[in-house]
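Q: Here it is: the structure, laid out below.
We did not get these values from a lab; they are worked out from the coordinates using the rules stated. Since we're looking at a predicted model, the values are computed, not measured. Don't worry about glycine lacking a Cβ; one is built from the backbone with ideal geometry, like all the others, and counts go over all protein chains shown.
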Amino acid sequence: MIYLIAGARPNFMKVAPLIKELKLQDIDYKLIHTGQHYDYNMSKIFFKDLGMPEPDIHLDVGSHSHAVQTAKIMIEFEKIILQEKPSAIIVVGDVNSTIACALVAKKLFIPIIHVEAGLRSFDQRMPEEINRILTDGLSDLLFTTEKTAEINLKKEGIDSKKIFFVGNVMIDSLIENIEKTKNLQYYKKFDLKESDYALMTIHRASNVDNKEMLEKIIDIFVHIQKKIKLFFPMHPRTKKNLEKFNLIDQLKKENIIFSEPLGYLEFLDLMNHSRFILTDSGGIQEEASFLKIPVLTLRENTERPITIEQGTNTLVGNDFDKINFLVDDILTNQYKKGKNIEKWDGDASKRIVKIIKEKIFNKS
Ligand code: UD1
């Protein structure tokens, strides 16, 4: 028996292809939902869109400060894992649920499998960077999405025998689901035309929790909407802060369309038909690169350098002039095109489960 952990929005599209492959390769699993995200459109809609089974166990932890959230997940997860010691746990990505469950399992001598290991922004002001370093330090099998990840892990003293470059499970989900969106054409539901709008998402604490920073970003959006229509699905953290800082009215422009957070298929379709994307997300840098849609990342660093070197990503921070220049490049078709990325081919979960079978269950 393997426990598969998911808790927050970016986890669901990573565990869906793993579930499918565990079933195909006859490995018993239980899906544990920590409840870090709980709103319908931050959690349940992904289960529906991705055709995932209901979680076997729900920890119902909810939103709290970092310490309280992490601690509550640990307390609830320990109760579960003590009842039925699984052969291993699989954790994905870098959210608080990832490190919380890894820490509990390690102290009970249960092997940890980390999917999306070795990514580093080298910026410890990001809570995710702390989660990544600690989870990797505890893990027994580390599956990576790009080659720099292995270099990072080796520098931290991790035994190379534990590291496997397998590709990207999030791209497995994208490949599996993109066909479904083709008939649905969600972008038309919002009165948008193909390649005639830009998609924007921001939610990272460093961008939205600070009033001055958020004001700067709003200025950028207000400027860009003079050039192209902007579609803005709003993360709950961002919405809360725009209201708290009284900034929402500044964004109310004819060329800016707001929506609630979207489901997986809707968002995929909106990405795929957009002219470009402005974001501070980690995963969207990868998805856009795969789709060959230009993506300007509103951050100073990225833990996913392959998206810059080979994909369609450029880091722009909050540099108004750079963004302006690159948007013009995109709109005049002069922006870089991006290449195919090694092993982002839809088979990462297959490779992962095969290795799990050998290493955890001694089966070939
Ligand atoms: C978390 C992850 C981040 C990931 C993001 C994707 C950590 C440290 N951060 O950040 O890496 O990119 O998820 O969304 O794990 N809220 C709701 N409904 C929900 C969930 C949250 O309204 O279903 C609101 C709450 O007010 C909460 C806030 O959003 O306080 C932030 O949620 P939280 O899970 O703490 O962090 P995210 O910003 O979502």
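Q: With +1 on each Lys and Arg Cβ and -1 on each Asp and Glu Cβ, and nothing else charged, work out how big the dipole of the range 179-331 is about its Cα centre, in Debye to the nearest 20.
A: 380
Q: For the chain, what is Rg from Cα atoms divided by 2.2 N^0.38 Å, rounded to two decimals?
A: After normalising by residue count via 2.2 N^0.38 Å, the value is 0.97.
Q: With a 10 Å Cβ neighbour count serving as the proxy for reagent exposure, in which order, fewest first, do Ile330, Ile257, Ile19, Ile171 appear?
A: Result, fewest neighbours first: Ile257, Ile19, Ile330, Ile171.
Q: With only alpha-carbon atoms in the gyration tensor, what are the semi-axes of the equivalent ellipsoid for the range 137-294, in Å, largest first?
A: 32, 22, 12
Q: Additional query: State, as an integer percentage, the relative contact order of the chain based on alpha-carbon contacts under 8 Å between residues 6 or more apart.
A: In percent, rounded to a whole number, it is 16.
Q: In the range 252-364, what is the count of Lys pairs whose alpha carbons are under 16 Å apart, counting only pairs at least 8 residues apart or on separate chains?
A: Total qualifying Lys-Lys pairs in the range 252-364 comes to 9.
Q: Arrange the following residues from fewest to most other Cβ atoms within 10 Å of their Cβ: Met271, Met1.
A: Placing the least packed residue first, the sequence is Met1, Met271.
Q: Okay, next question. Only counting other Cβ atoms within 10 Å, I'd like Tyr40, Tyr29, Tyr186 sorted with the fewest neighbours first.
A: Tyr40, Tyr186, Tyr29
Q: Could you please state, rounded to a whole Å, how far the C-alpha centre of the range 2-80 is from the C-alpha centre of the range 283-309?
A: Cα centroid of the range 2-80 versus Cα centroid of the range 283-309: 25 Å apart.
Q: For Asp94, what charge total do you get from the other residues with a beta carbon under 9 Å from its beta carbon, if Lys and Arg give +1 and Asp and Glu give -1?
A: Value of the local net charge: -3.
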